[in-house]
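The values are calculated or read from the model by the stated rules, or taken from the named source; none is laboratory data. Bear in mind that the values here come from a model prediction, so they are computed numbers and not experimental data. Please note: Cβ atoms are built from the backbone with ideal geometry, for glycine as well, and neighbour counts cover all protein chains shown. Note: areas computed on protein heavy atoms with side chains; ligands, DNA, RNA excluded. Shrake-Rupley method; radii C 1.70, N 1.55, O 1.52, S 1.80 Å.
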Amino acid sequence: MTESALLLRYSHNVVEHLGLKLYQNRPTNVIAELISNAWDADATNVYITASLQSEKTDERFISVIDDGSGMTGSILNDSYLIIGKPKRVPDHLDQKTTKQRPIMGRKGIGKLAPFGIAKKIDVATIRDGRFTWFRMDLGEITKRAEAYPPTVFFYEAEVKQNPPIKATDDPTHCVAKFFTDYRDKSGTLILLTDLSLKRDISTETLKESVGRRFTVTLLRPDFCVHINGEKVEEAQALPQFEFRIPTEGCGIEKLPETGREVKYWAGFVKRADWPQDQAGVGVYTHGKIAQDRPFTFGVKGREIFTRYMYAVVEADWLDELPDDLVSTDRTSINWEHDETSPLYKWGQKKVNEWTTQFKKWREGLEERELDKVVKDKIDKGEIPKITETERKSLVGLLSQVTPNLDKDEETRDRLILAGTQAWLHRPIREMIKKIWDGTMTSGLTGDQLSVFIEKLNEHSVPEALSLAVSFAQRGYALSLLYELIHHKREIDLQKLIESFPWILHPDMEKLTANQQLKTTAEKAANEGLIPSRTNPIASGADPEDRADFVFFTNIESTKLVIVEIKNPRNDLTIENREQLTTYMAYFEQLYGGKTIIEGKLIGSNPQGISNPRKDVTILSWQDVFIQSRHGHIELLAAMLAGAYPDPNDARLKEVIEFGGKQTWELLDRMAKANENLNDLFRKFGNLRELKTE
């Protein structure tokens, strides 16, 4: 060696920094390193005992025993006791064990991890019938280091005697028991004593840590971990999921840019009552954690859902790259490297997909649960009663918000009440009522009364605009009616009338289609109980030409309206009228005079048919359309003229959107006779253009 040679030397501080500092007070990480060593030794079982309850130092210990291949003295000297010696040859980073397991270890420093929680490490191992036991003492290592130059350090481990083993050398009795149990086998014991831990670690905590830091302990029957006498099972080591992607096993994909394989699964818990650092994604290589949680591939804005997520991504090739991209403590990956960038992009996309799927699933679940809550509150009188359709619509809206409340039932209940009242316009109506009551009781002067009336009108604007949207929607339904009439689609007309009975008359808004009565009528017609020369069921006429009937009743069943619908392409006949009256007569007998029964006959050209009965109305489809449209458009015009909305009001845009071309043409004509409406149209010069977009 020349005087100019430059040598890289290692200080004893390596032991401190790679052992004590890196794993200080992190017992689960230490145990994880010892488990991975057992995996690399082809062990089938790992037995972990944590005796931490005693206050006596010599009775507190952690032991890790595996039934792997064990080590001889030469293996210990040439491999185990060399700090930083790689476990895999650089040219064969995909190297496997004798049992063809992918090797977890890579850096060769895991043996120092126990110094993070213990000052003494006993290693007892058996292989080929040879028992070796030695001890590494952190205090002695530090003490002896002072006798050597600070740039280089050697430590000779204290080799203990072969059995019989003295109790003074082994106060825990773990070494003696290990020798007894494994003298005819192979295996290794790592015993940690003189612990720096001040608190106990429960069996459940250790099981969860094993589940978080490994996948092999849960997916392979040939590698089992036992903690304090209990085998680690998936149900104990992993959270209980209410939603999982995929539902079983794992998904497999290839990265678009590199074609490298990635395995994954994502689970979502019902309640996020775990520490925040346990949520997110764990990235694993060769079954061992490489990127610890909390981690979401940099996805932001999804914290509400990632808080519930526990995902696993397996990318074995990460640990087979020439560059070591996994941090020494296996908590993070170098995501700035060209080799990891494709995985990072893929992960961002998957986290967004997983949380979106969970959100949709949660909304469906939330909607069902919320519907039960709303029903119960309506039954108990805690919130106003609304129709079933309104309830479903309201629940659908609320369910998009309640998943964000994190099961806060008090806030959820307040939201339900406020949502129901808003749905019924109750806040506005209550305000209007208070103002109106004030005018009736306070004996106001004329000027004061004018002020109150102005306030009343001001607070009525939101109500009027909401009603305007509703009437615009009805205008759209009438536009559909117009199209169906001109296309002569009887079946579609029937469906439209069943859904919107108010089309026939405003009073019918309170009625609903009764399918049970329709079934009863069809059965009676088939059995000949409703005599008719034009039986719509028995007749051999073209189905498109047959009459069809819709039956409407109120909630109390005290009113029944029978509507006979004829195809717009066919003129009405006296036979159609007689058919309707026979149906009415049948139900009069059935109800025994307890129900008011009316009939409506609708078709084309009814002018030639006399109508001797007051309880029967005969209309053409054109009459139905004109009368209904005129009434509803008049109300829409009144709402708009009274509200006089801002041009940018969202509800005005909805009115324009739902109204349809014909509705706005009629409003245009009405505006000529209504000063306020005409002024409104002049003010919004683009209104006519908006309606045609």
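A few comments on the model shown:
- Positions within the stretch 301-317 being closer than 23 Å to Ile31 by Cβ and more than 24 Å from the chain's Cα centre (by Cα), in sequence order: Asp316
- Candidate set from the stretch 40-49 (those that are closer than 21 Å to Asp329 by Cβ and in contact with a Ser or Thr (Cβ under 8 Å, 6 or more places away or on another chain)); member that is least open to solvent (accessible area, probe 1.4 Å): Ile48
- Those residues of the stretch 350-368 which are loosely packed, with under 13 Cβ neighbours inside 10 Å and either not in a helix (DSSP H, G or I) or not hydroxyl-bearing (Ser, Thr, Tyr) (or both), in sequence order: Glu353, Lys360, Gly364, Arg368
- Filtered residues of the stretch 194-212 (kept if open to solvent by 40 Å² or more (accessible area, probe 1.4 Å) and under 20 Å from Asp292 (Cβ atoms)): Glu204, Thr205, Glu208, Arg212
- So Ile386, is it assigned to a helix (DSSP H, G or I), under 26 Å from Ile555 (Cβ atoms) and touching a Ser or Thr at 6+ places or on another chain (Cβ under 9 Å): no
- Single residue of the stretch 213-240 satisfying the filter (open to solvent by 60 Å² or more (accessible area, probe 1.4 Å) and out of contact with any helix residue (DSSP H, G or I) (no Cβ under 7 Å at 6 or more places or on another chain)) that is nearest to Val64 (Cα to Cα): Gly229
- Total residues in the stretch 585-594 satisfying the condition of being modelled with pLDDT under 90 and either open to solvent by less than 60 Å² (accessible area, probe 1.4 Å) or among the small types (Gly, Ala, Ser) (or both): the figure is 2.
- Of the residues making up the stretch 188-206, those that are outside any loop (DSSP other than H, G, I, E, B) and within 33 Å of the chain's Cα centre (by Cα) are Thr203, Glu204, Thr205, Leu206.
- Matching residues in the stretch 251-266 - criterion: being loosely packed, with under 12 Cβ neighbours inside 10 Å, under 28 Å from the mean Cα position of the chain (by Cα) and not β-branched (Val, Ile, Thr): Lys254, Pro256
- Selection count where residues are closer than 21 Å to Ser36 by Cα and touching a residue at least 60 places away in the same chain (Cβ under 8 Å), scope the stretch 293-321: 7
- Considering (1) part of a helix (DSSP H, G or I); (2) of a type outside the set (A, V, I, L, M, F, W, C); (3) surrounded by 14 or more Cβ atoms within 10 Å (Cβ to Cβ); (4) modelled with pLDDT of 75 or more, the lone condition that Gln421 does not fulfil carries the number (4).
- Within the stretch 369-387, tally of residues that are under 30 Å from Thr247 (Cβ atoms), surrounded by 14 or more Cβ atoms within 10 Å (Cβ to Cβ) and either touching a residue at least 40 places away in the same chain (Cβ under 8 Å) or not acidic (Asp, Glu) (or both): 3
- Odd one out for Glu248 among (1) at pLDDT below 85; (2) loosely packed, with under 13 Cβ neighbours inside 10 Å; (3) within 25 Å of the chain's Cα centre (by Cα); (4) charged (D, E, K, R): (1)
- The numbered conditions (1) at pLDDT 85 or above; (2) closer than 30 Å to Arg101 by Cβ are all true for Asp319 except (1).
- Residues that are in a loop (DSSP other than H, G, I, E, B) and within 14 Å of the chain's Cα centre (by Cα) were ranked within the stretch 267-300; the one that is surrounded by the fewest Cβ atoms within 10 Å (Cβ to Cβ) is Arg271.
- Breaking point among (1) modelled with pLDDT under 85; (2) farther than 21 Å from Lys177 by Cα; (3) not β-branched (Val, Ile, Thr), for Lys56: (2)
- If the condition is being in contact with a helix residue (DSSP H, G or I) (Cβ under 9 Å, 6 or more places away or on another chain) and at pLDDT below 85, then the stretch 59-90 contributes Tyr80, Leu81, Ile83, Gly84, Lys85, Lys87, Arg88.
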